[in-house]
Amino acid sequence: MPGFNYTAVDRSGKRVRSSLEASSLETAKSSLRGAGYTILDIKEQNALNRDIELPFLGNPKAKDMAVFCRQFVSILRAGVSVASILSMLGQQTANKKLRAAIREMQADVEKGETLAASMRRHQKIFPGILVNMVAAGEASGNLEDSFQQMERYFDRAKRTKGQVTSAMIYPCVLIVVMIAVLIVMMTKIIPSFLKTFEEMDAELPKVTLAVMAVCDWFQAWWWALLVGIVLLVAGGLLFRRTNKGRHFFGWLARKIPVVGNLTVKSACSTFCRTMEVLIGSGLTLTDSLDLAASNMSNIYYLEAVRETRSQVAEGTPLSTSLERTGLFPAMVSNLVGIGEETGDLQGMMGKVADYYDEEVEEATKKLLNLMEPVIILFMAVFVVIIVLSIYLPMINMTKAYDQYL
């Protein structure tokens, strides 16, 4: 789809320079006028001024979707039509892929398609749970409530993921600093001390000789180490895309101490929260399980939920099917069973999700509290070795000088 650079004045009188994608120049002008802009200049992009979409910029995250839902609700409450809402959001959405999808959706809605149908054309942008909630909202005439529920859903997902990310920042900073210090020590500081010892023809301890050998190797083969790390990371990323790779990393995430506990609790939280929203939208239990499976990041839980769906379709209670997978804690299957018996499965799913949200936060703190001393201990061992390699020769030289006197 061609892009257009434009200069316009918005409703507040502010001059705006930006770009948009549209099927034609007239469509672009119509979109801008619908958003309340007075067009001063608009030209189609060429090879020299076209916006560059970097391939490593991924699809919208939970934060982007939460903002999208929140803005949609805010504008919808003002009585604005869906097409006009999309026109406005298409101008102010930060994520380029989401912005492009919104603009295409606007064109579809203006042609008479439903919002949910236009969203389904962009499955890589809009998750199935959002599309089905929008479809339910359009069918019931309560689109605002559907977007409000999805805003809360994405906010919770963002918060849960943010807890894990925040917990990893400090250990990662420590590791980066440690590697930087290691490189400086191995290439600059330690070699200067060891060169002095060699020139003095002093008898060097084994720890000093070992450190000298490591420094010599590092200075001669640092490029090989760098290439090896790059190849290892690239190979790991490519392997992770394969079926065997997804199973391997999924198994690893479940078996590593502490991390495995966090993986289980995160999966339970995601599953129950997704089921709560989908069941509330009016979907059948089997359809809800289909969408919940696609929302699981760990392939073992994805396969477990799909197997659960097959058993439920055959008449097995959901609680029994979850128990048979062997991946969900007994608490999940027991509380789901109570929800089935009382006829409030949606409410029980929400309560279980709330419980595991808190458990994820606690597990994240525990992981951080464990990683800090491990990293610090490793750094301490490294410092002790360096100190011994430098000071032991000095002590030996001092003793030899005293004996000489």
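Points worth noting:
- Solvent-accessible area per residue in the chain equals 56 Å², computed with a 1.4 angstrom probe and all protein chains kept.
- The stretch 88-247 shape via C-alpha gyration tensor axes, a/c threshold 1.5: prolate
- Under DSSP loop assignment and at most 15 Cβ neighbours within 10 Å, longest trypsin sites (Lys or Arg not before Pro)-free interval of the chain: 242-405
- A helix-only calculation puts the chain at -25000 deg cm²/dmol for mean residue ellipticity at 222 nm, using -39500 (n - 2.57) for each DSSP H run of at least four residues, averaged over all residues.
- Exceeding the 19 Å Cα-Cα cut-off - candidates K61/K244; K265/K351; K63/K365; K96/K124; K265/K366; K63/K124: K61/K244; K63/K365
- Taking every protein chain into account, the 1.4 Å probe leaves L285 with about 50 Å² of accessible area, to the nearest ten.
- The stretch 213-261 versus the stretch 69-100: alpha-carbon centroid distance in Å: 42 Å
- When the GluC sites (Glu not before Pro) in the stretch 198-276 are filtered for DSSP coil states and for at most 12 other beta-carbon atoms within 10 Å of their beta-carbon, the remaining sites are E203.
- A cut-off of 5 Å between modelled amide H atoms, ignoring neighbours fewer than 5 places along the same chain, links I42 with T7.
- Anisotropy class of the stretch 239-299 from Cα gyration tensor, a/c 1.5 cut: oblate
- Prolate/oblate/rounded label for the chain (Cα gyration tensor, a/c 1.5): oblate
- Value of D in µm² per second that Stokes-Einstein yields for the stretch 64-158, Kirkwood Rh from Cα pairs, at 20 °C (1.002 mPa s): 165 µm²/s
- Computed over the stretch 184-333, the ratio Rg/Rh where both radii use C-alpha atoms and Rh is Kirkwood: 1.34
- Percent carbon-and-sulfur accessible area, the stretch 78-159, ignoring ligands, DNA and RNA, probe 1.4 Å: 46 percent
- Rounded percent of accessible protein surface that carbon and sulfur make up, the stretch 168-256, 1.4 Å probe: 74 percent
- Solvent-accessible area of T342, all protein chains in place: 100 Å² (probe radius 1.4 Å, heavy atoms, ligands and nucleic acids excluded).
- Calculated FRET value between V176 and Q346, using beta carbons and R₀ = 60 Å, to 0.05: 0.85
- Eigenvalues of the alpha-carbon gyration tensor of the stretch 310-376, scaled by 5 and square-rooted, set the equivalent ellipsoid semi-axes at 33, 14, 7 angstrom, largest first.
The values are calculated or read from the model by the stated rules, or taken from the named source; none is laboratory data. Every value quoted in this text rests on a predicted model; they were computed, and no experiment measured them. With ideal geometry, Cβ positions are generated from the backbone for all residues, glycine too; neighbour counts draw on all protein chains shown. Keep in mind that these areas ignore ligands, DNA and RNA; they rest on the heavy atoms of the full protein, side chains included. Shrake-Rupley method; radii C 1.70, N 1.55, O 1.52, S 1.80 Å.
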